[in-house]
Amino acid sequence: MARLRSFQRLAAHFVDIADFLLVYIEEAHPSDGWVSSDAAYNIPKHQCLQDRLRAAQLMREGAPDCPLAVDTMDNASSAAYGAYFERLYVIQEEKVMYQGGRGPEGYKISELRSWLDQYKTRLQSPSTVVIQV
């Protein structure tokens, strides 16, 4: 939940230059599977989309101002983006512009913040136009 709050603060800070989306994927540490000793919630492995949608509501509570999507039961988004367990991306015009490391170790909000700061600076700096006569 602390990571969600950090993500939400980041989204609020850069709302003027980016749209943010959370995608809930399969549960990394289901209560009936590979259980984490520091798991904040008791979420069993999703057996159907309704299970996944119910679990995703916990994510919504952690970041209520961010739009939320839920991965399909065949984990298409997770597979396409290598997101298992968690990952940060910037996608612009259907192109991956930033790809964070795989979580939990590679999930670095500070790295994404730096990328967005640099992007914002580029947006605000005047463009150089060369005219050849």
For the pair W34/S125, report the inter-label distance in nm, with labels modelled 7 Å from Cα in the Cβ direction.
4.2 nm
Could you give each residue of the range 82-88 its phi-based ³J(HN,Hα) in whole Hz, using Karplus coefficients 6.51, -1.76, 1.60 with θ = phi - 60°, and x for Gly or Pro?
x, 7, 5, 8, 7, 7, 10
Residue order for W34, W115 - accessible surface, 1.4 angstrom probe, largest first
W34, W115
Candidate cut points under GluC sites (Glu not before Pro) in the range 10-112, DSSP loop plus at most 12 other Cβ atoms within 10 Å of their own Cβ, are E93, E94, E105
In degrees from 0 to 90, rounded to the nearest 10, what is the angle of the helix 49-62 Cα long axis to the longest principal axis of the chain?
60 degrees
Which far-off residues, 5 or more places away or on another chain, put their amide H under 5 Å from the one on Y98, with H placed in the peptide plane?
V90
For M59, net neighbour charge (Lys/Arg +1, Asp/Glu -1) across residues whose Cβ lies under 13 Å away:
-1
Quick check: at a probe of 1.4 Å, how many percent of the accessible area of the chain sits on carbon and sulfur atoms?
52 percent
Which option, [x] 1.25; [y] 1.02; [z] 0.97, is the value of Cα Rg over 2.2 N^0.38 Å that was calculated from these coordinates?
[x]
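Might you tell me the accessible area per residue for the range 1-112, computed with a 1.4 Å probe and given in Å²? Intermediate results must be reported in sequence, preceding the final value.
Details: 6960 Å² over 112 residues.
Roughly 62 Å² per residue, with all protein chains present.
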Mean Cα-pair separation over length for the chain, i.e. relative contact order, pairs under 8 Å, 6 or more apart, %:
22 percent
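The values are calculated or read from the model by the stated rules, or taken from the named source; none is laboratory data. The structure presented is a predicted model; accordingly, all values stated were derived computationally and were not measured. Counting neighbours? That spans all protein chains shown, and the Cβs are built from the backbone with ideal geometry, glycine included. When the accessible area is computed, the model is the full protein with side chains, heavy atoms only, and any ligands, DNA or RNA have been set aside. Shrake-Rupley method; radii C 1.70, N 1.55, O 1.52, S 1.80 Å.
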